Amino acid sequence: MVKASNIGYKTGARYLLREVSFDVQAGEHMAVIGANGAGKSTLLRLLSRELLPVTGTLELEGRSMNSYSIAALAKLRAVLSQQNSVSIPFSVFELVMMGRYPYYDNVPSVKDMDIVHKVLSLMNIQHLYDRDYNTLSGGEQQRVQFARTLAQIYDRGQALLLLDEPTNGLDLLFQHQLLALARQMADQGFAVISILHDMNFASRYSDKVLMLKEGRMVSYGSPGTCLTPANIRDAFGLDVQVVDEERLCNPLIIPEIYYR
């Protein structure tokens, strides 16, 4: 679905990302983790084509991502960004309908309307249908933005879903619900890439982990092979214990500080 080969990006003489390679197939969820300044958001901006790599190649469905028109790309990938400020008083319904803009010119179709209602229900925000987006709590706004993102590719079958720190502003229940939904989208055939800060979320919900440090790859692979004490110490400067019991589906990471 999406393949990066030795991609890099720099501003001035400084590389923000260098020689990063990975592939995410339809049906997979990859978590990108690393300390602040590791290059995670730069990577997502490259994947969304907001930025262009200065080195390496980035492919989507076997084609250079640069070869897609903006209109075609809008139907193949959707992005949930960190910052989603809205100054105009849009209703929740109007904002989520924005996800369907690539599919109609003036008036949304019955299908567009149906998809918006489905994603509102999926995010459990149908009761906010006619609320002014700017009157919502931060967590509610995040769920609305995720609904808009899902609406954009909901009926595509296979598409790329990019999530930049999607659990920001959410309480613990909705953090798990949102990542469970991301996992469900992958299971349905989407390729999902999430930037996460919580290593246990990465372990629980992803098939692959890409660990970055200062723009370079520390490790890439399954949660079990990537989330090791040595790799975490290298990337985060933190000593951890990794609990890997038979009854656990994924490794559990516990900072050493809690053992003292």
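The values are calculated or read from the model by the stated rules, or taken from the named source; none is laboratory data. Fair warning: this is a prediction, and the values are worked out from it, not measured in the lab. Cβ sites come from the backbone with ideal geometry, for glycine too, and all protein chains shown count toward neighbours.
Quick notes on this one:
- Test set (1) in a helix (DSSP H, G or I); (2) crowded, with 22+ Cβ neighbours inside 10 Å; (3) not aromatic (Phe, Trp, Tyr) - residue 234 fails condition number: (2)
- Top-ranked residue of the stretch 175-194 - restricted to ones that are in contact with a helix residue (DSSP H, G or I) (Cβ under 6 Å, 6 or more places away or on another chain) and not in a strand (DSSP E or B), ranked as farthest from residue 73 (Cα to Cα): 179
- Subset of the stretch 163-195 (residues that are under 19 Å from residue 24 (Cα atoms), among the polar types (S, T, N, Q) and more than 8 Å from the chain's Cα centre (by Cα)): 184, 188
- Residue match in the stretch 95-104 (condition: closer than 30 Å to residue 231 by Cα, surrounded by 15 or more Cβ atoms within 10 Å (Cβ to Cβ), among the aliphatic types (A, V, I, L, M) and touching a helix residue (DSSP H, G or I) at 6+ places or on another chain (Cβ under 6 Å)): no
- Which numbered condition residue 161 misses (of (1) closer than 22 Å to residue 58 by Cα; (2) touching a Cys at 6+ places or on another chain (Cβ under 8 Å)): (2)
- In the stretch 35-56, the count of residues that are of a type in the set (Gly, Ala, Ser), surrounded by fewer than 18 Cβ atoms within 10 Å (Cβ to Cβ), in contact with a Gly (Cβ under 8 Å, 6 or more places away or on another chain) and farther than 12 Å from residue 215 by Cβ is one or more.
- Residues in the stretch 1-11 that are under 24 Å from residue 75 (Cβ atoms) and modelled with pLDDT under 95: 1 only.
- Criterion violated by residue 241 - all others in (1) crowded, with 16+ Cβ neighbours inside 10 Å; (2) part of a strand (DSSP E or B); (3) among the polar types (S, T, N, Q) satisfied: (1)
- Residue check, residue 187 charged (D, E, K, R) and touching a residue at least 40 places away in the same chain (Cβ under 8 Å): yes
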